[in-house]
Amino acid sequence: MKNFFQSVLKHIDKLDGAKLREQYRLVTEEVKFFEMVFNAMNEGAVLYDLTGEVVYRNPSAEKFGEIEVPLGKASKFEVLLTYPEEYILEVQTIPFERGTLAMIRDVSAERERTAQELERGATKSVCDLAAGIAHEIGNPLNAISLNLQILERDPSDKEAIDICKTQVKRLDGIIRGFLSALRPQRPNLSPGSVAEPLKNCLAAFKSQFEDRKIAVTLDVPSAVPPVALDKDKIEQVFFNLIKNALEALPDAGTIDVEIVSDDKDVVVSFRDSGYGMSSEQLAHLFEPYRTTKEHGTGLGLMISARIVRDHGGAISVESKEGEGTLFTVRLPRLERRVRVLK
Ligand code: ADP
Ligand code: MG
């Protein structure tokens with residue numbers, strides 16, 4: 001297709017009237033063809049120009065209404081609509097020279113199905129999870145066993161004790177991740193600040209940051225507006241995001257963490273200078289078992305998105321291959337909270 005246009009463009013100065021008309025007819029046919037495809041698509045497609053003006057919207061997009069998208073960026077995020085009924089839209093943006101294309105999909109049924117499948121313990125899900133777990137607990141168990149041997153010789157070795165403690169905590173985290181994938185629980189919400197779980201999480205990673213010479217910055221305002229949160233669950237979200245950032249980084253990369261707030265939300269963002277993601281990868285982000293890692297579970301983001309959604313918030317990602325990734329978690333401010341959780 002691209003080749004066709006390119007070759008016409010290349011020779012356009014040499015084409016006479018009749019040839020031009022013929023080419024014009026072919027182009028019109030191509031445009032009609034694409035229109036037909038866009039019209040038949042279940043996904044909503046909205047095209048924005050560089051200033052953010054909508055220049056095209058396919059019929060499916062009409063039913064989704066106005067959606068705000070980041071312009072000129074490859075991104076993916078979910079929008080939770082609660083009126084007239086609750087449904088979840090998934091939006092992916094694809095930037096190009098003259099604007100941004102947004103693809104919109106209703107994923108409510110899909111998300112519901114995944115949750116039910118996991119809850120019922122669908123065989124494949126459980127096998128995959130178990131395989132992931134079996135692998136993940138190997139390393140901490142080895143470390144513990146090694147350090148217990150050290151302690152046998154020298155019971156006062158403080159470092160060995162610390163390592164054991166850290167590894168036990170890690171095991172606990174792995175098991176908890178496993179369980180929460182299988183049996184998602186409604187969060188136990190109470191008013192609080194996102195700063196606390198965030199700091200806990202960063203502290204847990206401190207030695208890894210140091211070992212790998214990762215420069216981490218943390219920008220937290222002196223007063224963070226309260227949100228209704230389940231601290232353990234939100235900590236799990238932050239943990240997953242930081243872990244992913246670490247796994248995407250070469251040694252000596254950077255992670256910048258920031259809390260900001262606007263009228264409606266408290267926003268926590270994680271920017272890494274890692275390898276980023278392609279549009280293709282973004283397209284399948286938040287789906288279970290989608291992993292590019294040899295020993296990944298592909299569940300971290302799915303669980304995180306569900307937790308954030310259960311808080312009435314939203315998670316979004318912007319990424320550029322080779323340049324890094326920005327994950328953003330939005331939680332509604334307590335005093336602005338309108339959504340009532342079931
Ligand atoms: P896992 O980490 O087990 O693979 P996740 O659900 O946490 O599962 O992540 C799914 C996939 O998303 C990862 O395999 C990776 O390809 C991609 N990904 C997530 N976070 C990042 C990031 N910060 N940078 C680049 N790719 C990422
Ligand atoms: Mg992960």
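The values are calculated or read from the model by the stated rules, or taken from the named source; none is laboratory data. Everything quoted here is computed from the prediction, not taken from an experiment. Cβ: placed from backbone, ideal geometry, glycine included. Neighbour counts: every protein chain shown. Just so you know, the surface numbers come from the protein's heavy atoms only, side chains and all, with ligands and any DNA or RNA stripped out. Shrake-Rupley method; radii C 1.70, N 1.55, O 1.52, S 1.80 Å.
Key figures
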item: Candidates LEU326, LEU301 - the one that is within 19 Å of ARG113 (Cβ to Cβ), within 9 Å of ligand 1 (Cβ to nearest atom), open to solvent by 20 Å² or more (accessible area, probe 1.4 Å) and of a type outside the set (Gly, Ala, Ser); result: LEU301
item: Segment 47-82, residues that are under 24 Å from the mean Cα position of the chain (by Cα), surrounded by fewer than 18 Cβ atoms within 10 Å (Cβ to Cβ) and hydroxyl-bearing (Ser, Thr, Tyr); result: THR82
item: Test result for SER180, free of Cβ contacts under 8 Å to residues at least 60 places away in the same chain and either farther than 29 Å from ASN147 by Cβ or not basic (Lys, Arg) (or both); result: no
item: Condition check for ALA252: more than 10 Å from ligand 1 (Cβ to nearest atom) and not aromatic (Phe, Trp, Tyr); result: yes
item: LEU282 vs. criteria within 16 Å of ligand 2 (Cβ to nearest atom), open to solvent by less than 30 Å² (accessible area, probe 1.4 Å), more than 17 Å from GLU136 (Cβ to Cβ) and modelled with pLDDT of 90 or more; result: yes
item: Residues within segment 1-41 that are at pLDDT 85 or above and of a type in the set (A, V, I, L, M), tallied; result: 9
item: Selected residue (criterion: surrounded by the fewest Cβ atoms within 10 Å (Cβ to Cβ)) from residues of segment 114-149 that are under 19 Å from SER180 (Cβ atoms) and at pLDDT 80 or above; result: ILE137
item: Set GLY253, GLY313, GLY322: member being away from ligand 2 (no atom under 16 Å from the Cβ), out of contact with any helix residue (DSSP H, G or I) (no Cβ under 8 Å at 6 or more places or on another chain) and within 20 Å of ASP230 (Cβ to Cβ); result: GLY313
item: When residues of segment 225-250 are limited to those that are among the acidic types (Asp, Glu) and crowded, with 16+ Cβ neighbours inside 10 Å, the one farthest from ligand 2 (Cβ to nearest atom); result: ASP230
item: Qualifying positions in segment 309-323 - more than 12 Å from PHE77 (Cα to Cα) and open to solvent by less than 10 Å² (accessible area, probe 1.4 Å); result: HIS311
item: Output for segment 207-233, where each listed residue is more than 21 Å from ASP263 (Cβ to Cβ) and among the β-branched types (Val, Ile, Thr); result: ILE214, VAL216, THR217
item: Hits in segment 261-298 (condition: more than 9 Å from ligand 1 (Cβ to nearest atom), among the acidic types (Asp, Glu), touching a residue at least 40 places away in the same chain (Cβ under 8 Å) and within 26 Å of ARG176 (Cα to Cα)); result: none
item: Residue list for segment 295-307, restricted to those being more than 9 Å from ligand 2 (Cβ to nearest atom), within 11 Å of VAL329 (Cα to Cα) and either part of a loop (DSSP other than H, G, I, E, B) or within 11 Å of the chain's Cα centre (by Cα) (or both); result: ALA305
